[in-house]
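The values are calculated or read from the model by the stated rules, or taken from the named source; none is laboratory data. Fair warning: this is a prediction, and the values are worked out from it, not measured in the lab. With ideal geometry, Cβ positions are generated from the backbone for all residues, glycine too; neighbour counts draw on all protein chains shown.
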Amino acid sequence: MKRGPFGTALACLAALALAACGGGGGGGGGSATPMPTPTPATNPYALPGAEALSVADVQQILAQAVAEAKARGTPGVIAVTDRVGNVLAVYSMTGARATATLRPGPGGNLDAQGVVVPAAAAAIAKAITGAYLSSAGEAFSTRTASMIVQPNFPPSPAAVGLPSGPLFGVQFSSLPCSDLTARFNAAGGAGAFIGPKRSPLGLAGDPGGFPLYKNGALVGGVGVMSDGDYGFDPDISNIDNDDEENVALAATNGFAAPATIMADHVSLAGTTLRYSDATSATLKVSPTSATPFANLPAGTGTLTAVTGYYPGGTVLGGQVYGAEASGVRQATAAEFSVPGGFILTNGAGQNRYPPRPGTDAGDVPAPLTAAEVTALLEEGLKVMEHSRAAIRQPSDSIAQMTIAVTDTRGVILGIIRSPDAPVFGTDVAVQKARSANFFSGPFAAADLGGDPSADVRGFVQKVRDFFPDQTALTGKTAFGVRSIGNLARPQFPDGQVGRPNGPLSRPISQWSIFSTGLQSALVITNIGQHLGFVTGASPSDTPQRCTFLPDAAAGQNRLQNGLQIFPGGSPIYRNGKLIGGIGVSGDGIDQDDMIAFLGLFNASARVGVGEADPSIRADQLLVGPAPAQRLLYVNCPFAPFLDTSDQNVCQGK
């Protein structure tokens, strides 16, 4: 098994069990009649509060965590980030473990299972997860993340036979190799604090990470690593008394999420999500009695430099999310015509991903134009702006996501997001667009076959045997990201006991959130390279290029920030020819799916692009051992809109 240089040394947000309908019928040539999508005359979204963590705030958070850790006799590493992932402090208490082990696998250590990592990297990943999965409308913790990335939802021995968690696979996002995420800049200057920043381990499912709020606005996250086990909770039927979670909860005193938006106010498929097993009653000491940070006794701990993330020695203040310096701000009318759009910027006023034409003129007859990319982003945002959110509070809030468009080479052609969309969805939307394009293209088998890892190359034959079709992955079939996810589950159909794994997954006997299959195999060497850089074992960091797939163009592969395997992306066609992908992420998976699908469908009435012809969509395929099962292509909420009573909105398109 190829592990990479550190492999041996060292999680729609709901199944959102809304009734849904599959997309069927329709075409791809731009002649379809769009469903009505009223465009608000003004921005329908409230802008995020202009708040940020100050140096004094971060010091208070650290002091409160230290007090609880000392009371428990569990010294740890405490990390604090702002909303866009800038690391503001890493504090290592005296006696804290320097490393943590990614939980070993059930059938031997594959991919990232059993890898030893710096405890600071684990703490940073937890803090980033708390910040990235949350917003003004929902507060999710790393315990919440654990619950929604496992092969059965809710995770419990009693849930065997139920489908996988809605964010299955999201843990392999915001990766250290991603070309979308920004990197720490020790030199400072304009752009030094733009986000979203990368995470050293992707997103975390290990309890002990929470979002931080100030005057009701999301301003960051805190993560604690102390027990040496970077894992997940496989059984929510009990209540854990977890030291890391209690220490992190103490840290949030004065910066806690509003109770009304915590994950335990969100019910999915009859199951209430879990926010925290720790409560104020389980704390050993009152956070209000914590010794101020400036007065901590000598020898309590140190502010520790982390290569690639934090300079050490001093506490930093966070950025105001929505301000230019944060790297995420409101688009001007010249930058995006539909009210409500936010863009990613370089910190100096420039849109990092304005609509641009496709770069693949040598590969497709007629690449996407900048005007077509603009239409796709605009139509997607219009659908979003009257869609009912699945995870946000209060009920009947407007959905908030990120939308991305890529060409067939995986080049990002444009990104737009709503003001309060969770930050994690930015990288994921690009992953979804690329994934839908990749598996739908004539190049999928050849690209996978060109990877240096025999493990990665082997997935081509696994797919062909599973279908069975020895010419699969050569562009004959249009795969939505939901279709790809069907094939990437450790039980096929999803959750059914006694059935084999999908061909893109590890078998259930080997599976864990650290070894999902092709998704993890593609990037494990990149993660190993990065950990070598963080620990000082290597002078070189992983490039901003996930996977070792062959170049589609110089310096660019088609899965440059990794593969994503939960729904919300569609391939884009012109006259029956694949020309790119669209991805959406940030709310319920059915909402993500619908906005990608309908945004593309509605754009087809404006410009010469559209959906895959129904005859080639993955939902036409019966695959797997007898009895063969039909793949899904898209799944949309039954009655998704706030301002109409429309139902079955994807049917026949």
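Within the range 506-544, the set of residues being within 20 Å of the chain's Cα centre (by Cα), farther than 15 Å from residue 118 by Cβ and of a type in the set (A, V, I, L, M, F, W, C) comprises 511, 513, 514, 518, 521, 522, 523, 524. Annotation: residue 253 fulfils all but one of (1) of a type outside the set (Ser, Thr, Tyr); (2) assigned to a loop (DSSP other than H, G, I, E, B); (3) surrounded by fewer than 17 Cβ atoms within 10 Å (Cβ to Cβ); the unmet one is (3).
Applying the selection to the range 170-190, what residues are under 15 Å from residue 530 (Cβ atoms) and in a loop (DSSP other than H, G, I, E, B)?
Within the range 170-190, 172, 173, 174, 175, 176, 177, 178, 179, 181, 183, 184 meet the criteria.
With respect to residue 612, determine if the residue is touching a Phe, Trp or Tyr at 6+ places or on another chain (Cβ under 8 Å) and part of a loop (DSSP other than H, G, I, E, B). Answer is yes for this residue. Can you find a residue that is within 17 Å of residue 558 (Cβ to Cβ), among the aliphatic types (A, V, I, L, M) and part of a loop (DSSP other than H, G, I, E, B) anywhere in the range 401-411? Taking every residue of the range 401-411 in turn, at least one turns out to be within 17 Å of residue 558 (Cβ to Cβ), among the aliphatic types (A, V, I, L, M) and part of a loop (DSSP other than H, G, I, E, B).
Taking the criterion of being in a loop (DSSP other than H, G, I, E, B), touching a helix residue (DSSP H, G or I) at 6+ places or on another chain (Cβ under 7 Å) and surrounded by 19 or more Cβ atoms within 10 Å (Cβ to Cβ), the residues of the range 211-250 that qualify are 226, 232, 233, 236. Residues in the range 531-558 that are more than 20 Å from residue 450 (Cα to Cα) and surrounded by 15 or more Cβ atoms within 10 Å (Cβ to Cβ): 531, 532, 533, 534, 535, 538, 541.
Here residue 346 fulfils each of the conditions (1) under 16 Å from residue 185 (Cβ atoms); (2) surrounded by 20 or more Cβ atoms within 10 Å (Cβ to Cβ) apart from (2). Only residues that are surrounded by 24 or more Cβ atoms within 10 Å (Cβ to Cβ) and part of a loop (DSSP other than H, G, I, E, B) were counted in the range 560-608, giving 13. On inspection, residue 338 fails the criterion of being out of contact with any Lys or Arg (no Cβ under 7 Å at 6 or more places or on another chain) and crowded, with 20+ Cβ neighbours inside 10 Å.
Restricting 357, 419, 394, 367 to residues that are modelled with pLDDT under 95 and surrounded by fewer than 24 Cβ atoms within 10 Å (Cβ to Cβ) narrows the list to 394. For the range 413-434, the set of residues classified as part of a strand (DSSP E or B) and within 14 Å of residue 84 (Cβ to Cβ) consists of 417 only. Among the residues making up the range 336-354, those that are closer than 22 Å to residue 399 by Cβ and assigned to a loop (DSSP other than H, G, I, E, B) are 336, 337, 338, 339, 340, 341, 353. The condition of being under 21 Å from residue 173 (Cα atoms), touching a Leu at 6+ places or on another chain (Cβ under 7 Å) and either outside the structural domain of residue 175 (by TED's automatic domain parsing) or surrounded by fewer than 24 Cβ atoms within 10 Å (Cβ to Cβ) (or both) holds for only one of 515, 505, that being 515. Only one entry of 181, 144 meets the criterion of being buried (at least 20 other Cβ atoms within 10 Å of the Cβ), farther than 26 Å from residue 416 by Cα and not hydrophobic (A, V, I, L, M, F, W, C), and that entry is 144. Are any of the residues in the range 281-290 among the polar types (S, T, N, Q), in a loop (DSSP other than H, G, I, E, B) and buried (at least 20 other Cβ atoms within 10 Å of the Cβ)? No. Specify which of the listed residues (560, 620, 556) is in contact with an Asp or Glu (Cβ under 6 Å, 6 or more places away or on another chain), under 21 Å from residue 475 (Cα atoms) and assigned by TED's automatic domain parsing to the domain that holds residue 411. Sole residue among the options that is in contact with an Asp or Glu (Cβ under 6 Å, 6 or more places away or on another chain), under 21 Å from residue 475 (Cα atoms) and assigned by TED's automatic domain parsing to the domain that holds residue 411: 560.
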